Amino acid sequence: FMAADIPDNSLTAAQQDEEGALRRDMAAVFRVAARLGWNEQIGNHNSIMLPRRHAEEAPTFLINPRGMLFQEITASSLIVCDLDGNVLRGAGELRKVAFHIHARIHMANPAAVCIVHVHPQYLTALSMLEEPLRVTHMDATMFFEDCAFLEDWPGNPVSEVEGRIISEALGGKRAILLANHGLAVAGASIEEAAYLAVCFERAARMQIRARAVGRLKAIDPALARD
C-alpha cells in the first residue's frame, strides 16, 4: 500500500502514513480470517474508526467494500466512509447493511475502536444452541463478565434496527454472542479485537467439545474475576 493509492490532500504525510499502517493491519485481519474459514463468501465485515485530528472532526471509518471476498482484500481496497454511510475515499460501494451494525457499536461504545464481526465455525454453532458462552476454563476468563449474549435473532440487518439491538446488548462489554448469527468483538485496537476474536472462537470450541462428553464444571467467580 502506498499513500498515493488513496489520495487525500487534506491529510499530512504523517497522517497518510498512519492510515496506511492501519490499512495494512486491517487487511491482515481479513486475510487471517479467510485462512481460518471465518467468512461467509462475501458476507461479514470488520471496521476501524480512524484517528480524528481534532475533537470537532466527524468520525470516519475503514471498512471492507461490498462484494469482495476476505482473501481478496488488500490495504488499498478498504474504503473510508462516514457515519451516514457515504464513501469518502476508495473504490467500491459500502455494504450498508453491514454499517448499520458497525456505526451503532462505534458510537455507543467510545472504546470500540475496531470491530470484528465474523461467523467462525464453533461460535456460529454455539449461537444455534440457545446458550451463552460459559466461562468454565482458565483461558476463557478474559471473557468473564465481558461477554454479552443476544438471545434472539432480530432478522436480516436491512435497517439500523439490528445495529441498535446489538449495540444495546453489547453495552460496555468487548464481546457478544449473537444468537443464530455469530460474534462481534470491539477492541481498543486492531490487535486487541483480532486477538479477542481468536480467543472467543477457541473458548466456544472447548465448550462444545466438553458438552459433547458431559456437564460443564463451573469455576469460582471470584477467581475468574481476578
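The solvent-accessible area of SER167, taken with every protein chain present and a 1.4 Å probe, is close to 10 Å².
Using a 1.4 Å probe, what is the accessible area per residue for the stretch 34-149, in Å²?
47 Å²
How large, in percent, is the carbon and sulfur part of the accessible surface of the stretch 6-78 at a probe radius of 1.4 Å? Roughly 51 percent of what the probe reaches on the stretch 6-78 is carbon or sulfur.
Of the listed residues LYS217, LYS173, LYS96, the order by accessible area with a 1.4 Å probe, largest first, is LYS217, LYS96, LYS173.
Of the accessible area of the stretch 137-196, computed with a 1.4 Å probe over protein heavy atoms only, carbon and sulfur atoms account for 51 percent.
Exactly which GluC sites (Glu not before Pro) in the stretch 128-194 are in a DSSP loop and have at most 11 other Cβ atoms within 10 Å?
Sites meeting the loop and neighbour criteria: GLU130, GLU145.
The values are calculated or read from the model by the stated rules, or taken from the named source; none is laboratory data. Being a predicted model, the structure only gives us computed values, none of them experimental. Note that we place each Cβ from the backbone using ideal geometry, even for glycine, and neighbour counts take in every protein chain shown. Just the protein is used for accessible areas: all its heavy atoms, side chains included, with ligands, DNA and RNA removed. Shrake-Rupley method; radii C 1.70, N 1.55, O 1.52, S 1.80 Å.
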